[in-house]
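Note sheet for the following structure.
The values are calculated or read from the model by the stated rules, or taken from the named source; none is laboratory data. None of the values given here were measured: they were computed from a predicted structure. Please note: Cβ atoms are built from the backbone with ideal geometry, for glycine as well, and neighbour counts cover all protein chains shown. When the accessible area is computed, the model is the full protein with side chains, heavy atoms only, and any ligands, DNA or RNA have been set aside. Shrake-Rupley method; radii C 1.70, N 1.55, O 1.52, S 1.80 Å.
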Amino acid sequence: MTDLLSDDHAQARDAEDPLRAFRDEFLIPRHDGADQAYFCGNSLGLQPRGARAVVEEVLDKWAREAVEGHFTQPAPWMPYHELVRDRLAQLVGAEPSEVVAMNSLTANLHLMMVSFYQPTIERTAILIEAGSFPSDRYAVESQLHYRGLPPKLTLIEVEPDNADGTFSMAAIERAIRDNAERLALIVWPGVQYRTGQAFDLKEIARIGHEAGAIVGFDLAHAVGNVELSLHDSGADFAVWCHYKYLNSGPGAVAGCFVHERHARTTRPRFAGWWGNDQSQRFRMGPEFHPTPGADGWQLSNPPILGLAPLRASLDVFARATMPALRRKSVQLTGYLEQLIDAQLAGTIEILTPRDPSQRGAQLSLRVRAGREAGRALFEHLATLGIVGDWREPDVIRISPAPLYNTHADVLRFVRAVKDWRHAG
Ligand SMILES: Cc1ncc(COP(=O)(O)O)c(C=O)c1O
């Protein structure tokens, strides 16, 4: 029988990994003279080696050419966001005109709600998941306040119906159907940040639309993690960030999707000159004529230095390809799950769904002995260079990223937890 816990087994699986060379394209932080076992790509992805060169390219161009850099080849700054468009579209399963890299996730969520949350007398409610990422909740609640609507009456927070904090599709469907007549907007995550549960976006969009609501997704934990078909999902809009699985650096410029059917919408929007029709932008006229498609929601000329690493990152994704990454991710997270079940079941509980189609890379773990023990384990792991992250009240998130994590990393984590348990 295969000894899953042996170095030989982990090394053999790493040796046959067709994506193994990609690890060398990342800068792995060091700990006591060795690579960290870095499982925190769900929070901040590692730096691709190619990132420095693209950032330096911008700095050099700025030094040499100053304002002319907006127009001169290669990579003029004026249409710089277009350099990432095609690859981004491919990554999220959208048409190029449906995606734009701009702002930050929360800012984009607000911009989307300004356009796509249009309460009427009958329909005022916004539906989100209970325990949603705080920024999303603040954004939604503040949009309601902004429209003079009391969140107590208009914010619907769907409670998870499973004991581990996850949602059944039936519960989501029930919540939508039960509120169909008053629902204006649904904002749902692609992958829930605390539990790691992944959702069937097409199905949620279908049920939401059937109920007469607009459907938008927060894909912070989904993009670059699970395969997405945003166009086919029928979602009205989606927003995400690029600093997690997309490895584009802290606070990297974020992403936004607007479905093609809204490309020429006359809905209100908060406008800025960068969203104005490109042919007219520099006429400096008083009238705003939005560029059709997602580009029409841009406000400002983008921070080129913040956008540059995304080029390097998307280059890696284009070569690795999402289907291959996902295949490896399912294996790697499955290996982590197998080892926890076999070796640590009495110590650790897995909150994330067991079905690979209902999760991405992340497993959310809870130490059975309670919060204090969980926190102690988390801090102990950090002293060994094993980096996950902690989400209150008691969750350790461990996310093996298929671009740079290995089976050996996973084994190191499991051994460290075993040793910690033996040490009492
Ligand atoms: C699910 C989710 N939504 C929103 C945010 C907020 O992102 P930003 O700070 O880029 O606005 C995060 C950040 O981690 C997140 O995980």
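Just name the residue that is farthest from the ligand (Cβ to nearest atom) out of those in region 229-243 that are open to solvent by less than 20 Å² (accessible area, probe 1.4 Å) and within 18 Å of VAL84 (Cβ to Cβ).
Once the filter is applied, the top-ranked residue is LEU230.
Listed here are the residues, each with its yes/no results for (1) surrounded by fewer than 19 Cβ atoms within 10 Å (Cβ to Cβ); (2) not in a loop (DSSP other than H, G, I, E, B).
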site: ALA271; (1), (2): yes, no
site: LEU305; (1), (2): yes, yes
site: ALA312; (1), (2): no, yes
site: PRO323; (1), (2): yes, yes
site: ARG327; (1), (2): yes, yes
site: LEU332; (1), (2): no, yes
site: ALA342; (1), (2): yes, yes
site: GLY346; (1), (2): yes, no
site: ALA361; (1), (2): no, no
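Residue check: ALA222 meets all listed conditions (1) under 17 Å from PRO356 (Cβ atoms); (2) within 16 Å of the ligand (Cβ to nearest atom); (3) open to solvent by 10 Å² or more (accessible area, probe 1.4 Å) but one, namely (3). Among residues of region 35-47 that are closer than 14 Å to ALA416 by Cβ, those with a Cβ under 8 angstrom from a residue that is acidic (Asp, Glu), sequence gap 6+ or separate chain, pair up as ALA37/ASP409; TYR38/ASP409; PHE39/ASP409.
Assess whether VAL215 counts as being within 16 Å of the ligand (Cβ to nearest atom) and either buried (at least 24 other Cβ atoms within 10 Å of the Cβ) or farther than 13 Å from GLY41 by Cβ (or both). So VAL215 does not fit the description; no.
Of the residues making up region 378-415, those that are over 25 Å from GLY165 (Cβ atoms) and without any contact (Cβ under 8 Å) to a residue 60 or more places away in the chain number 1.
The helices (runs of 4 or more DSSP H) falling completely within region 76-192 that include 3 or more residues that are open to solvent by 30 Å² or more (accessible area, probe 1.4 Å) and either away from the ligand (no atom under 16 Å from the Cβ) or without any contact (Cβ under 8 Å) to a residue 40 or more places away in the chain (or both) map to 82-92, 134-146, 169-178.
Does TRP62 fit the bill of being at pLDDT 95 or above, over 17 Å from VAL223 (Cβ atoms), among the hydrophobic types (A, V, I, L, M, F, W, C) and open to solvent by 50 Å² or more (accessible area, probe 1.4 Å)? Yes.
Can you say whether PHE257 is touching an Asp or Glu at 6+ places or on another chain (Cβ under 6 Å) and within 16 Å of the ligand (Cβ to nearest atom), as far as the supplied structure shows? Answer is yes for this residue. Condition check: touching a residue at least 40 places away in the same chain (Cβ under 8 Å), crowded, with 24+ Cβ neighbours inside 10 Å and closer than 19 Å to ASN225 by Cα. Does CYS256 satisfy that? For CYS256, the condition - touching a residue at least 40 places away in the same chain (Cβ under 8 Å), crowded, with 24+ Cβ neighbours inside 10 Å and closer than 19 Å to ASN225 by Cα - is met. With the requirement that a residue be exposed (fewer than 15 other Cβ atoms within 10 Å of the Cβ) and either of a type in the set (Ser, Thr, Tyr) or part of a helix (DSSP H, G or I) (or both), what does region 383-405 give you? Of everything in region 383-405, just one residue is exposed (fewer than 15 other Cβ atoms within 10 Å of the Cβ) and either of a type in the set (Ser, Thr, Tyr) or part of a helix (DSSP H, G or I) (or both), namely THR383.
So the check is Cβ under 7 Å with 6+ separation or different chains; which pairs have a first residue in region 194-219 that's assigned to a helix (DSSP H, G or I) and modelled with pLDDT of 95 or more and a second one that's among the aliphatic types (A, V, I, L, M) and surrounded by fewer than 21 Cβ atoms within 10 Å (Cβ to Cβ)? Pairs that qualify, where the first residue is assigned to a helix (DSSP H, G or I) and modelled with pLDDT of 95 or more and the partner is among the aliphatic types (A, V, I, L, M) and surrounded by fewer than 21 Cβ atoms within 10 Å (Cβ to Cβ), are GLU203/MET169. The number of residues in region 17-39 being part of a strand (DSSP E or B) and touching a Lys or Arg at 6+ places or on another chain (Cβ under 8 Å) comes to 3.
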